[in-house]
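**Q** Can you read through this structure? Questions will come right after.
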Amino acid sequence: MALADTRFEDRRRKLSTKLAERRIDDMLVTHLTHVRYLSGFSGSNGAMLVSKDRTAAIATDGRYTTQIGEEVPDIEATIERNVGVAMLSKAAEGHRVGFEADYVSVAQLEKLREACPEGVTLVPVSGVIEEIRLTKDNLELTRLTEAAELTVEALDGLLQAGQLRAGRTEREVAADLENRMRVLGAERVSFDTIVASGPNSAKPHHGAGDRVIADGDLVTIDFGMHRLGFNSDMTRTFAIGQIGELEREIYEVTLAAQLAGVKAAVPGAKLVDVDKACRDVIAEAGYGEYFVHSTGHGVGLDVHEAPSAAKTGTGVLEEGMTLTIEPGIYIPGKAGVRIEDTLIITSAAPKVITECSKELMVL
């Protein structure tokens, strides 16, 4: 069996074990990210039935007959348009079948109930596959590192070409950066690119609008690429020309907080403590009220996934997890700063895969 197939089989085996622990006979997997995680299938319509006895079935529609044969050679596919119903029909009488409660709508659940075979019980299940996804295998970490390195390359190219400068709009800069990621191999962006300049930089999720970048602005760029199923995520803030004392101060405080968060992200660290490491630096500098979001999140098949470093974060970091460290200071109507790296948690210091200077760059 091919190496990739073995990895998918190993993931399904872990899920089977968790199902048995929960007295669930089968798991109906309809969330496409999880279908891909458990099988390798990347089509836009698919579902699986994974059983506690370590067997699995998969379905898609006729558009993907060839693709699913290539991507999932170890499971014979059912070709049906209504993939969830097709998989549910394979459940044996008396079985308890889990469904992904976090991803199934009320309307979808009603259809499943209508199609449910006699004697089969549907059971809502949450977080089981996400728990398996928390730690990444070597192939996942390789793909994530490649995406991160190409993302940095795209930013470097943008800066070297002088495409971030006064007189250009936020939208123009975002378009140029996204084009560079595409040329380097991105299938799409991980999320809508943020280019937030001047007072817009005080809006954590501003987007990229028609404002013309001007001298004296801080410009925050938050971006990432989706490549081979995996995502990247990073943020840098730049100075355009001569910036004021406030802008320079909040940059230095944010950088100190970000470095503290990176240092704290080691195996065994509580996620709430990683968040606190960043938050304390910003609070001690007098800007605590302006740090308005959590410190970080995991990155993988989804650009935002577990774990979560936040005030309400639970659990601890383990080797093989990913985590962003992205503190920020946002002063409404004036300016904002965010600096973000994606980390791989290792047995020693975390590995920063978005390796790019964080010293304030004046353009």
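**Q** Antiparallel versus total DSSP beta bridges in the chain: what percent is that, nearest 5?
**A** Within the chain, antiparallel bridges account for around 75 percent of the total.
**Q** Counting only heavy atoms of the protein chains, get the accessible area per residue of the stretch 121-175 (1.4 Å probe) and round it to a whole Å² value.
**A** Heavy-atom SASA per residue in the stretch 121-175 reads 41 Å².
**Q** What's the Cα-based Rg to Rh of the stretch 35-188, Rh via Kirkwood?
**A** 1.12
**Q** Continuing with the same structure: Give the separation of the Cα centroids, the stretch 247-311 to the stretch 145-203, in Å.
**A** That distance is 23 Å.
**Q** Another question about this same structure. For the peptides 285-296, 35-46, what is the packing order when you average, over each peptide's residues, the other Cβ atoms within 10 Å and list the highest mean first?
**A** Top to bottom by mean Cβ count within 10 Å: 35-46, 285-296.
**Q** Estimate the FRET efficiency between Q242 and L139 by the formula 1/(1 + (r/R0)^6), using the beta-carbon distance for r and 56 Å for R0, to the nearest 0.05.
**A** E between Q242 and L139, to the nearest 0.05, is 0.75.
**Q** Keeping all protein chains in place, calculate the accessible area per residue for the stretch 39-81 (probe 1.4 angstrom), answer in Å².
**A** For the stretch 39-81, the per-residue accessible area is 49 Å².
**Q** Points 7 angstrom from Cα along the Cβ direction at H304 and A349: gap in nanometres?
**A** 3.1 nm
**Q** Still on this model: Roughly how many Å² is the accessible area per residue of the stretch 268-356, as a whole number, for a 1.4 Å probe?
**A** 38 Å²
**Q** Still on this structure, I have one more. Which FRET efficiency value, to the nearest 0.05, do you get for F191 and A161 by plugging their Cβ-Cβ distance into 1/(1 + (r/R0)^6) with R0 = 30 Å?
**A** Here the calculated transfer efficiency is 0.80.
**Q** If I fit a long axis through the Cα atoms of helix 106-115 and take the longest principal axis of the Cα atoms of the chain, what angle between them do I get, 0 to 90°, rounded to 10?
**A** So the helix axis and the longest Cα principal axis differ by about 10 degrees.
**Q** Considering only protein heavy atoms and a 1.4 Å probe, what is the carbon-and-sulfur percentage of the accessible area of the stretch 189-346?
**A** That fraction is 53 percent.
**Q** Determine the alpha carbon to alpha carbon distance for each of K136/K276; K276/K358; K203/K351 and list only those over 27 Å.
**A** Distance filter (> 27 Å) returns K203/K351.
**Q** Quick one: angle between helix 138-160 and the longest Cα principal axis of the chain, in degrees between 0 and 90, rounded to 10, please.
**A** Result, in degrees: 30.
**Q** If I ignore ligands, DNA and RNA and count only protein heavy atoms, how much of T6 is accessible to a 1.4 Å probe, in Å² to the nearest 10?
**A** Around 50 Å² of this residue is reachable by solvent.
**Q** For the chain, what does the helix formula give at 222 nm: sum of -39500 (n - 2.57) over DSSP H segments with n ≥ 4, over the residue count, nearest 500 deg cm²/dmol?
**A** -11000 deg cm²/dmol
**Q** Follow-up question, since we're still on this one. Project the alpha carbons of the stretch 214-263 onto their principal axes and report the range along each, largest first, in whole Å.
**A** For the stretch 214-263, the Cα spread along each principal axis is 42, 31, 9 Å.
**Q** OK, next. Using a/c under 1.5 as the rounded threshold, could you call the chain rounded, prolate or oblate? The axes a ≥ b ≥ c are square roots of the C-alpha gyration tensor eigenvalues, and prolate needs a/b larger than b/c, oblate otherwise.
**A** It is prolate, given that a/c is not under 1.5 and a/b is the larger ratio.
The values are calculated or read from the model by the stated rules, or taken from the named source; none is laboratory data. Fair warning: this is a prediction, and the values are worked out from it, not measured in the lab. Positions of Cβ are backbone-derived with ideal geometry, glycine not excepted, and every protein chain shown enters the neighbour counts. Ligands, DNA and RNA are excluded from the accessible area calculation, which covers all protein heavy atoms including side chains. Shrake-Rupley method; radii C 1.70, N 1.55, O 1.52, S 1.80 Å.
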